[in-house]
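The block underneath contains the structure these notes are about, expressed in structure tokens.
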Amino acid sequence: MGLNVSEIKKDFPVLGQTVHDGRRIVYLDSANTSQKPQSVIDAMGRYYETINANVHRGTYKIAEEATNAMEGARGRVATFLGANSSRELVFTKNATESINLVANTWGRSNLNEGDAVVLTMMEHHATIVPWHMVAAEKGIELRWIPLTADGQLDLTDIDRLVDGAKLVSFTAMSNVLGTINPVERLTEIARSAGAMSLVDGSQHVPHLATNVAELGADFFVFTGHKMLGPTGIGGLWAQEETLDAMPPFLGGGEMILNVTTEGFTTTEIPWKFEAGTPPIAEIVGLGAAVDYLTAVGMDEIRQHEVELTGYALRTLHDRFGDDLTIHGPAEPASRGGVMSIQFKDIHPHDLTQIMDQNGVCLRAGHHCAKPLMKALGANATARASLYLYNDEADIDALGDALEASGEFFDF
Amino acid sequence: MGLEDLYREIILDHYRSPRNRGELPPPAHRVEGFNPLCGDEVVLTIEVDDEGMVKDLKIGGQGCSISQSSASMMTAAIKGKSAAEAREFIEAFKTMMSIHSKELGDDEHGELDQIDPDLDLGDLEALKGVVQYPVRIKCATLGWNTLTQALDELSA
Ligand SMILES: Cc1ncc(COP(=O)(O)O)c(C=O)c1O
């Protein structure tokens, strides 16, 4: 049973909008941020309209309800991720903050001069820069897992790369190539080498059923706005022992047990890492997002995206042949619905500008992965990325927009 | 607002056949400019003589039609001018580019009427349409910011 995309589309108000004199929005930028269903928007509005109050402190009715709404959402998100308990789930602003949290707490207290952290050549800057910052302070070494020609991790030399390393930090799915990495295999390799692992699930959680307990990572991060949730909310998952052993991140209210003029003690996890008033409405919205995804079904979403990616690769190749390069694995089953394209010699900025005129929304640029772009020999690509609300008509519109761009820049 | 306002014929012409393309050999001064948004890079090489005259300048690197054509027009406009005149040109161009960002509350580049009304931007006027596309302003100004940096370094 495929997804009923025409019904799903109706749940997303932005997809019903038009731009440039009545053209429907063809949204192909979900790897950047996803659209939000009405149920998420309503859940946040309802929170503000009915139970808005600060959490974990008020003794009155709506304060209790606000706390319950927030912690209830934590429980549902934890379940969605396959966590054993909601104590394993720390809310952060986004994946970037989650990785910075790990780098600043676990990293700064466990890494010393000469230690190695292993990254891959397909990482988002969110995974690269925090470790560069620790390297600048602590003098750690960064090692890089290279890529094969079709955009997979090249693990030929992996034993040497992880030898003596303290951490392997990598993405579960590339936001540029769509490559789905062998997460379980890599976390196992890290563990055998005595290293911790940090998995960036930003592109995985929205599109594939995720079970952190099975993936075997020590740290797992994700971001809410790519999985139908609002901006400003993301998370870090780790086992309780791991979180307990880490020093706190930001200091302030919510994260303390006691404060005196001499010092402070931290409260229990996960709140120990959640200083200050949390983004309550956003957490409630994220809870509504996982409810929506669960109702549709993650396996159904994945199957839909494999089929649609296959359709895109096939039809675009038929239409444009060698004029069009699509980076990454050729086989739809080993990739997500992320397609970085190069078309003729047209610069991605010019390409996406013409596409916009057709209502087609694509991102152009380096996609926050400059080392990868360099390895691809490009400064920039245009990227089309799919989600549950896209259908074959959207792919056909992409093809038509490509054709229009080709005509415009035909010289 | 149609695409023709953004991609004027003169812009496409400079994109197809960029002027002063390449790199001058040392001892020409060399500066790299980056557009952090899209990853485009320009390499500007420039020779300024003892009288402060821009004897020659070239543009290398990669970029979209807007950044490439803007840089190409810039080299044509600046070559043979004094460094002081070049700075006036830069100021005039960036003011033209800031009309829209000013409306958005960015007051960085001063008032339009402060620039010399006699200063003729020539072909560069064709880039006016870019201000309607705020994200592309960074493309149009990439070469110019790099030139400013080069002139600053040379006079330091
Ligand atoms: C693979 C990957 N990691 C991390 C991020 C960062 O997400 P955020 O900006 O929400 O922290 C992104 C999103 O751009 C991503 O695609």
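Filtering A:A238, A:A217, A:A289 for residues that are touching a strand residue (DSSP E or B) at 6+ places or on another chain (Cβ under 7 Å), within 16 Å of the ligand (Cβ to nearest atom) and touching a residue at least 24 places away in the same chain (Cβ under 8 Å) leaves a single hit, A:A217.
Based on what the data block shows, is A:L257 open to solvent by less than 10 Å² (accessible area, probe 1.4 Å), over 30 Å from A:H327 (Cα atoms) and assigned by TED's automatic domain parsing to the domain that holds A:V55? Answer is no for this residue. Every condition in (1) under 18 Å from A:M70 (Cβ atoms); (2) surrounded by 22 or more Cβ atoms within 10 Å (Cβ to Cβ) holds for A:V221 except the one numbered (1).
Within region A:57-92, can you find the residues that are among the polar types (S, T, N, Q) and within 20 Å of A:K272 (Cα to Cα)? Break it down stepwise before answering.
In the first step, residues of region A:57-92 are kept if they are among the polar types (S, T, N, Q); the result is A:59, A:67-68, A:79, A:84-86, A:92.
If the condition is that a residue be among the polar types (S, T, N, Q) and within 20 Å of A:K272 (Cα to Cα), then A:T67, A:N68, A:N84, A:S85, A:S86, A:T92 are the ones that fit.
None of A:E97, A:E64 is open to solvent by 10 Å² or more (accessible area, probe 1.4 Å), in a helix (DSSP H, G or I) and more than 16 Å from the ligand (Cβ to nearest atom) except A:E64. Applying the set (1) within 18 Å of B:C139 (Cβ to Cβ); (2) assigned to a helix (DSSP H, G or I); (3) under 12 Å from the mean Cα position of the chain (by Cα); (4) away from every other protein chain (no Cβ under 14 Å) to B:S67 leaves exactly one unmet item: (4). In this structure, B:A76 does satisfy being in a helix (DSSP H, G or I) and away from chain A (no Cβ under 14 Å). For region A:359-370, residues that are within 11 Å of chain B (Cβ to nearest Cβ) and surrounded by fewer than 20 Cβ atoms within 10 Å (Cβ to Cβ) total 2.
Quick grid of which residues meet (1) open to solvent by 10 Å² or more (accessible area, probe 1.4 Å); (2) within 16 Å of the ligand (Cβ to nearest atom); (3) in contact (Cβ under 8 Å) with a residue 24 or more places away in the chain; (4) away from chain B (no Cβ under 14 Å):
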| site | (1), (2), (3), (4) |
| --- | --- |
| A:G139 | yes, no, yes, yes |
| A:D150 | yes, no, yes, yes |
| A:R160 | yes, no, no, yes |
| A:D163 | yes, no, yes, yes |
| A:L167 | no, no, yes, yes |
| A:V176 | no, yes, yes, no |
| A:E184 | yes, no, yes, yes |
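Kindly evaluate A:A380 against the criterion of being within 16 Å of the ligand (Cβ to nearest atom), within 14 Å of chain B (Cβ to nearest Cβ) and surrounded by 24 or more Cβ atoms within 10 Å (Cβ to Cβ). Against the criterion (within 16 Å of the ligand (Cβ to nearest atom), within 14 Å of chain B (Cβ to nearest Cβ) and surrounded by 24 or more Cβ atoms within 10 Å (Cβ to Cβ)), A:A380 qualifies.
Only a single item in (1) under 30 Å from A:A375 (Cα atoms); (2) without any contact (Cβ under 8 Å) to a residue 60 or more places away in the chain is not met by A:V338, and it is number (2). Can you say whether A:V102 is open to solvent by 50 Å² or more (accessible area, probe 1.4 Å), closer than 28 Å to A:G178 by Cα, within 15 Å of the ligand (Cβ to nearest atom) and assigned to a helix (DSSP H, G or I), as far as the supplied structure shows? The answer is no for A:V102. Which one is farthest from the other protein chains (Cβ to nearest Cβ), of the residues in region B:18-51 that are open to solvent by less than 20 Å² (accessible area, probe 1.4 Å) and farther than 13 Å from B:A150 by Cβ? The residue in question is B:N35. Looking across region A:328-356, the residues that are open to solvent by 40 Å² or more (accessible area, probe 1.4 Å), within 13 Å of another protein chain (Cβ to nearest Cβ) and outside any loop (DSSP other than H, G, I, E, B) come down to A:Q342, A:D356. So in region A:383-405, with the set limited to residues that are open to solvent by less than 10 Å² (accessible area, probe 1.4 Å), out of contact with any helix residue (DSSP H, G or I) (no Cβ under 7 Å at 6 or more places or on another chain) and more than 13 Å from chain B (Cβ to nearest Cβ), which one is farthest from A:M121 (Cα to Cα)? Once the filter is applied, the top-ranked residue is A:D394. For region A:6-28, give me the residue count where each residue is crowded, with 17+ Cβ neighbours inside 10 Å and over 15 Å from A:A401 (Cα atoms). Within region A:6-28, residues that are crowded, with 17+ Cβ neighbours inside 10 Å and over 15 Å from A:A401 (Cα atoms) number 5.
The values are calculated or read from the model by the stated rules, or taken from the named source; none is laboratory data. These numbers were taken from a predicted model, which means no experiment stands behind them. Every residue, glycine as well, gets a Cβ built from its backbone with ideal geometry; the counts of neighbours run over all protein chains shown. These area figures cover heavy atoms from the full protein model, side chains too; ligands, DNA and RNA do not enter into them. Shrake-Rupley method; radii C 1.70, N 1.55, O 1.52, S 1.80 Å.
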